[in-house]
1. Residues being under 28 Å from Leu292 (Cβ atoms) and either in a helix (DSSP H, G or I) or not hydrophobic (A, V, I, L, M, F, W, C) (or both): count how many of those fall in the stretch 238-255.
2. Which condition from (1) farther than 15 Å from Glu267 by Cα; (2) in a helix (DSSP H, G or I) is the one that Arg55 breaks?
3. Taking the stated definitions as given, is Met269 more than 17 Å from Asn328 (Cβ to Cβ), in contact (Cβ under 8 Å) with a residue 60 or more places away in the chain and either assigned to a strand (DSSP E or B) or out of contact with any Ser or Thr (no Cβ under 7 Å at 6 or more places or on another chain) (or both)?
4. Tell me the residue from Ala115, Ala135, Ala126, Ala141 that is free of Cβ contacts under 8 Å to residues at least 40 places away in the same chain and surrounded by 11 or more Cβ atoms within 10 Å (Cβ to Cβ), please.
5. Tell me which residues, restricted to the stretch 118-133, are more than 32 Å from the chain's Cα centre (by Cα) and in a helix (DSSP H, G or I).
6. Could you identify the single residue in Gly283, Gly301 that is farther than 27 Å from Phe65 by Cβ, exposed (fewer than 12 other Cβ atoms within 10 Å of the Cβ) and not β-branched (Val, Ile, Thr)?
7. Kindly check whether there is at least one residue in the stretch 291-309 that is touching a helix residue (DSSP H, G or I) at 6+ places or on another chain (Cβ under 6 Å) and more than 20 Å from Thr221 (Cβ to Cβ).
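Coordinate-derived values only; no laboratory data. Since this is a predicted model, take the numbers as computed values, not measurements. Ideal geometry is used to build each Cβ from the backbone, glycine not excepted, and the neighbour counts take in all protein chains shown.
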Amino acid sequence: MAKPDHPVPEFMRQVVADEPPVSERVVAEHAVLALNASMMRFYEDSLIKFKQNMRDRVPIILALFTGQGGQMILYRPGHGPEVAPSVPLVYQLAKSVGHSTMAIYEILSPYLANAKANQLWRAPLAMYRAQNQSALDGLGALDMSEDDRAVLRTILQRNLAFMDECLGKGVYSYEDFEKYIRGTTPFSVKTIGIGSGAQVGHWMKVVEGWKEKLGKDWERTYGVSNTLYIARQNNILFSVLVQFMGTETMGDRLLLVETPDFETTPEKMLDVLGRIVADRALGMVFFRDYFLMDVELLGGGGRAAIEREMEKRGRKALLPTLAPFRSNAWPWKTDPHQGSGPARLEDVP
């Protein structure tokens, strides 16, 4: 090891090491890479101001997914955030009972191959049976229509009958399992109708009221909703906003942002919106196109590189169709001729 330039006091030896020599190349690499590291810090620092400037100038609606049917927040310049009332509780009640059959599937399916010898499923199933019984016993006190109550009652009664059968025999077969689930599915579909009806009706009234309140400012309002991968195709909150903002605002002032989790925070969504809009101004200054930064800049070079590499291999590159940077297309699958099979739950045999 090289001799240090200057001796280090003994009391610093626990935290200061004798660094090995570094070549000029490594020093140069660090100097160049530091440019981008600093740029990213400035990039994040500027976002704070960009977000505040947006808050001061334009109305913003956040439509966030939650297990309670969503949350919508209106930010008006000069006003504090206005959090909309929650979706009526019937949404959660229908969803909870609709999910109950799925819970039984999750308890029992891991042990299908050896349910008799491996009885680890009994305790959680007995516990869940008690919860189902409690829900059934209290069903009459719920604030809902008799027709909706009948749907929930049927599911709970079927759940209890199947669980009693499994616990009584101490075993279950796939055939028993499938018969129970397939027989319950039509009623589970009805719970979707109950919940979505309450959810859509509620948010329609909220957004309609906000549009009226904002008046001319509605034409400057930004809307942003979050989605998980599976919730893109029929994203209810985004679709409700489209009804009042129009398809021409999609990809412009109305955005659907994919997140890694079902739920996110208003702060994170404001960060995303602020960055998208700020980057559009950057794109206009640098590249004379306001929407260019909505698309990965390396994508063009990447496409060309993929084409070259595949040509070397004697194969045709598989790449998405080029589309303009600015697009008001729906942010999910739209071609009915691409793919096969059913497109709605109601179309499943």
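1. 12
2. (1)
3. Here the answer is yes, as Met269 does meet what is asked.
4. Ala135
5. Those that are more than 32 Å from the chain's Cα centre (by Cα) and in a helix (DSSP H, G or I): Arg122, Ala123, Ala126, Ala130, Gln133.
6. Being farther than 27 Å from Phe65 by Cβ, exposed (fewer than 12 other Cβ atoms within 10 Å of the Cβ) and not β-branched (Val, Ile, Thr) holds for just one of Gly283, Gly301, which is Gly301.
7. yes
Yes/no per residue for (1) in contact (Cβ under 8 Å) with a residue 12 or more places away in the chain; (2) within 24 Å of Glu248 (Cβ to Cβ):
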{"site": "Met284", "(1), (2)": "no, yes"}
{"site": "Met310", "(1), (2)": "no, no"}
{"site": "Arg315", "(1), (2)": "no, no"}
{"site": "Leu318", "(1), (2)": "no, no"}
{"site": "Thr321", "(1), (2)": "no, yes"}
{"site": "Ser327", "(1), (2)": "yes, yes"}
{"site": "Pro331", "(1), (2)": "yes, yes"}
{"site": "His337", "(1), (2)": "no, no"}
{"site": "Ser340", "(1), (2)": "no, no"}
